[in-house]
1. Reachable lysines from LYS70, Cα under 17 Å, same-chain residues fewer than 8 places away excluded?
2. Compute the accessible area per residue over the range 138-297, keeping the other protein chains in place, probe 1.4 Å, unit Å².
3. Under 5 Å between amide hydrogens, which residues at least 5 positions from THR138 or on another chain qualify, with H placed 1.01 Å from N in the peptide plane?
4. Over the Cα atoms of the range 231-332, how large are the radius of gyration and the largest Cα-Cα distance (Dmax), in Å?
5. Would you work out which of PRO33, GLY207, SER268 lies farthest towards the positive end of the dipole of the chain? Charges go on Cβ: Lys and Arg +1, Asp and Glu -1.
6. Within 10 Å, count the other beta carbons around each residue, average over each peptide in 204-211, 50-57, and list them highest first.
7. For a protection proxy built on the mean count of beta-carbon atoms within 10 angstrom, sort 215-221, 295-301 highest first, please.
8. Could you give P(r) for the range 45-183, binned at 5 Å from zero, as whole percent values over all Cα-Cα pairs?
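The values are calculated or read from the model by the stated rules, or taken from the named source; none is laboratory data. In this text the structure is predicted, and so the values were computed from the model without any measurement. As a convention, Cβ positions derive from the backbone with ideal geometry for all residues, glycine included, and neighbour counts pool all protein chains shown. To get the accessible areas, we keep the full protein, side chains included, count just its heavy atoms, and leave off ligands, DNA and RNA. Shrake-Rupley method; radii C 1.70, N 1.55, O 1.52, S 1.80 Å.
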Amino acid sequence: MQVQPLRWTGDSLELLDQRRLPREVIWVTCHTPREVEAAIRDMVVRGAPAIGVSAAFGLALAAMRGEDVKEAAELLRAARPTAVNLAWAIDRMLQRAAESGSSAAALQREAIAIMDEDLEGNRRLGRYGAELLGRSTTVLTHCNAGALATAGYGTALGVIRAAVESGRKIAVFADETRPYLQGARLTAWELQQEGIDVTLITDNMAGHFFQQGKFDAVIVGADRIAANGDTANKIGTYTVAVLAGAHGVPFYVAAPFSTVDLRCPDGSAIPIEERSAAEVTQMFGMPIAPEGIAVRHPAFDVTPARLITAIITDRGVIKPPFEEGLRAASRS
Ligand code: MRU
């Protein structure tokens, strides 16, 4: 079974409701840009490339309904701040709107192109990344950078899929990824659907398994890669990168080039989304902390470039120094 997070019907966007996985497989239908914006904000759809593709269809819907495309663009842009793929897809759609006089047909074609290119790009980066892995490899991943987070196939999990397709023996360890549990709910489900060897651990078990020499590589996705290679990804990624560095395990970031933001000089310029305290103090609606407790909930952190072994993109594998490599790849 091929996992797919979104479907375009020609007049609506259907999103697999990721809040309910793995218990229920339910699709949510969006007919308006406002519904798409709410779906992104509420995490019906999540993952950097998937929210970019969804926003693109949101703008196609705006044009089809005769709504102001620029207004819809600003609404969608504000849905989530960290993943640059969202702004990237919106800017590309606005450009197409300007060239076509906001033609609904042109915007629909552009959104489909963004979706198709993401899928193709993931297959390509998957093949590049697979070459970095040995014949028999155990990989640790964090969060969900899989088919569910993209137009399909995935980035970090795309590398794993490609490695499995190439005949390598791959075992995956998935961090559960507190507080939203993308690893436990989504990565574990997605890999299990396809029969890929996956073992779930809680985030605080990672150090123990590094110490035991369990991991040959770490592969994670990205929400925004700054010009110097500093990378924002799901909260907890930095901790894993420090552990990988301390144990001499290669730490790979896998992302399409739409995740690279050359206008961001380094990680300190990346906006970090703060999400609600309730996602930390409750689990499935049940309180797990005392009422009134002070809470912080940054949803992402920044891994400094010096902890990253290579960035696997759809334009090739980029090794340090990243600034030069990313700029050269942006011109290719
Ligand atoms: O808050 P989320 O679930 O949208 O965060 C997702 C991640 O951090 C992913 O690792 C990232 O977007 C890459 S998805 C290919």
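1. Straight-distance partners of LYS70: none at all.
2. Details: 6050 Å² over 160 residues.
The answer is 38 Å² per residue.
3. Sorted by chain and number, the residues that satisfy this are ALA171, ASP216, ALA217.
4. Rg then Dmax for the range 231-332, in Å: 16.9, 54.
5. GLY207
6. On the way: 204-211: 14.9, 50-57: 29.6.
The densest-packed peptide leads the list: 50-57, 204-211.
7. On the way: 215-221: 24.9, 295-301: 16.1.
The peptides rank, most packed first, as 215-221, 295-301.
8. 2, 11, 18, 18, 15, 12, 10, 7, 5, 2, 0
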